[in-house]
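A quick write-up on the structure given underneath.
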Amino acid sequence: MTAGVDSGRIIRALRGILPPGGGAAGLHEPRFCGNEWAYVKECLDTGWVSSLGKFVDRFESDLAAYTGAKRAVAVVNGTAALHICLKLAGVEPDDEVIIPALTFVATANAVTYCGAVPHLADSSERTLGLDPRRLEEHLKEITTVSGGPCMNKRTGRRIKAVVPMHTFGHPVDIEALMELCGRFNLTLIEDAAESLGSFYKGAHTGTFGRLSALSFNGNKIITTGGGGAILTNDEGLGRLAKHITTTARVAHRWAIAHDMAGYNYRMPNVNAAIGCAQLERMTEFLADKRRLAERYRAAFEGMDGVRFFTEPAFARSNYWLNAILLDESFAHERDRLLELTNAEGITTRPAWTLMQRLPMFKGCPGMDTPVAESIERRLINIPSSAALGADRA
Ligand SMILES: *Cc1c(COP(=O)(O)O)cnc(C)c1O
């Protein structure tokens, strides 16, 4: 065996945790073991499948109750939720919006839907999300504030908002970012697409920003097939979010009129029905995911050249996607590990390609991103479905 990461050991550790026979277990598969069939059947039997029906209202109030947000508005997907969050936060064409360079492309795409420009920032190795200290240094260097809007001296554009993302469900250091936003006159919006069920010092992620986005895509911790939600503690913004995502129709017994250019982003009732049933199982999903993460942690403990990523001390993470990090000196082994594991039917994936490497975001403004680049080189996501953590006892 050559010096370096022992791929054999890594694969044996994964095999020991995954079901016998391997199986082409995806990275994160949905599980339907509750009232999904009953609620969907009710939609089909009653004809309430589309834009009206009780499950949308129920899903919204269940989400608000679960997260502690004042208002939740269910929409067609997480990207649409982000788009509306940015719009309602006042992001305008030619503004800049700070996002992590290490994120799923939807965060950056939503910024462009507003005609704005992503401003890419570095991540912290402790959280895998925005690094508040490095961001502060960067802002001090490139902006002028003096009581008014935060202006980027280099580009002449206004920086309007910061969108931290809770990477793989692990909460970012959100308090430090809130404080920073206060000082630099920036609006905080959370991309909480991956972090339903994740808490920062006891409060649910997505309840710190002025607005936040959740996703219920098929690979997220709970799914509605496709879906998303906007969270906010501002009643007025909550009402506006509902209005603008439902074609901005003016309430009237029979007239059909609209008072602004709205969006048809509402979640159909049949999707919300699945969401209600999924949310009922949240406690169980979280327990299974925590058990799986604990098994991985134990399996990788003490292994040379690699470690299992665990939640930051201030957080309780949903462990949505589990990840291992190779030491920098073994980063060159990453592709071989990806090849070997996938060849064995163990689904593994690298981190997202950093935003500045994608053709449409080349040349975006931002700071140096050495940590995000290092994480990009060294991170491997490993199978994370809740079912893999089911109690075997
Ligand atoms: C999944 C995801 C989204 C988008 O959600 P969709 O429902 O797929 O549109 C946005 N941001 C992050 C970080 C995500 O993981």
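The values are calculated or read from the model by the stated rules, or taken from the named source; none is laboratory data. The structure presented is a predicted model; accordingly, all values stated were derived computationally and were not measured. Note: ideal-geometry Cβ built from the backbone for every residue, glycine included; neighbour counts use all protein chains shown.
A few remarks follow.
- Residue ID - nearest to residue 106 (Cα to Cα), chosen from residues in the stretch 152-175 that are in contact with a helix residue (DSSP H, G or I) (Cβ under 9 Å, 6 or more places away or on another chain) and surrounded by fewer than 24 Cβ atoms within 10 Å (Cβ to Cβ): 173
- So residue 242, is it away from the ligand (no atom under 16 Å from the Cβ), among the basic types (Lys, Arg), assigned by TED's automatic domain parsing to the domain that holds residue 177 and closer than 21 Å to residue 189 by Cα: yes
- Residue 317 in contact (Cβ under 8 Å) with a residue 24 or more places away in the chain, small (Gly, Ala, Ser) and surrounded by fewer than 16 Cβ atoms within 10 Å (Cβ to Cβ): no
Conditions (1) in contact with a Phe, Trp or Tyr (Cβ under 8 Å, 6 or more places away or on another chain); (2) free of Cβ contacts under 8 Å to residues at least 40 places away in the same chain; (3) surrounded by 18 or more Cβ atoms within 10 Å (Cβ to Cβ), marked per residue:
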position: 46; (1), (2), (3): no, yes, no
position: 49; (1), (2), (3): no, no, no
position: 54; (1), (2), (3): yes, no, no
position: 67; (1), (2), (3): no, no, yes
position: 70; (1), (2), (3): no, no, no
position: 80; (1), (2), (3): yes, no, yes
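- Some residue of the stretch 166-177 being aromatic (Phe, Trp, Tyr) and under 21 Å from the mean Cα position of the chain (by Cα): yes
- Residue ID - nearest to residue 264 (Cα to Cα), chosen from residues in the stretch 76-105 that are within 15 Å of the ligand (Cβ to nearest atom), touching a strand residue (DSSP E or B) at 6+ places or on another chain (Cβ under 8 Å) and in a helix (DSSP H, G or I): 80
- Cβ pairs under 7 Å, 6+ apart, first in the stretch 114-141 and farther than 15 Å from residue 160 by Cβ, second at pLDDT below 95: 126/312; 127/312
- Set 225, 262: member being modelled with pLDDT of 95 or more, surrounded by fewer than 19 Cβ atoms within 10 Å (Cβ to Cβ) and under 12 Å from residue 77 (Cα atoms): 225
- The stretch 106-128, subset in contact with a helix residue (DSSP H, G or I) (Cβ under 8 Å, 6 or more places away or on another chain) and part of a loop (DSSP other than H, G, I, E, B), residue surrounded by the fewest Cβ atoms within 10 Å (Cβ to Cβ): 125
- Scanning the stretch 189-212 for residues that are closer than 13 Å to residue 319 by Cα and among the charged types (D, E, K, R) returns a single hit, 194.
- Restricting the first member to the stretch 348-375 and to residues that are within 25 Å of residue 28 (Cα to Cα), and the second to residues that are assigned to a strand (DSSP E or B), the beta-carbon pairs closer than 6 Å and six or more apart or on different chains are 348/380; 348/382; 349/381; 351/379; 355/120; 372/123.
- Residue under evaluation residue 264, criteria (1) within 16 Å of the ligand (Cβ to nearest atom); (2) free of Cβ contacts under 8 Å to residues at least 12 places away in the same chain, criterion not met: (2)
- Cβ-Cβ contacts under 8 Å between residues 6 or more apart (or on different chains), taken from a first residue in the stretch 326-342 that is on the phi > 0 side of the Ramachandran plot to a second residue that is surrounded by 15 or more Cβ atoms within 10 Å (Cβ to Cβ) and among the basic types (Lys, Arg), are absent.
- Residue in the stretch 59-75 that is assigned to a helix (DSSP H, G or I), more than 16 Å from the ligand (Cβ to nearest atom), of a type in the set (Lys, Arg) and modelled with pLDDT of 95 or more present: no
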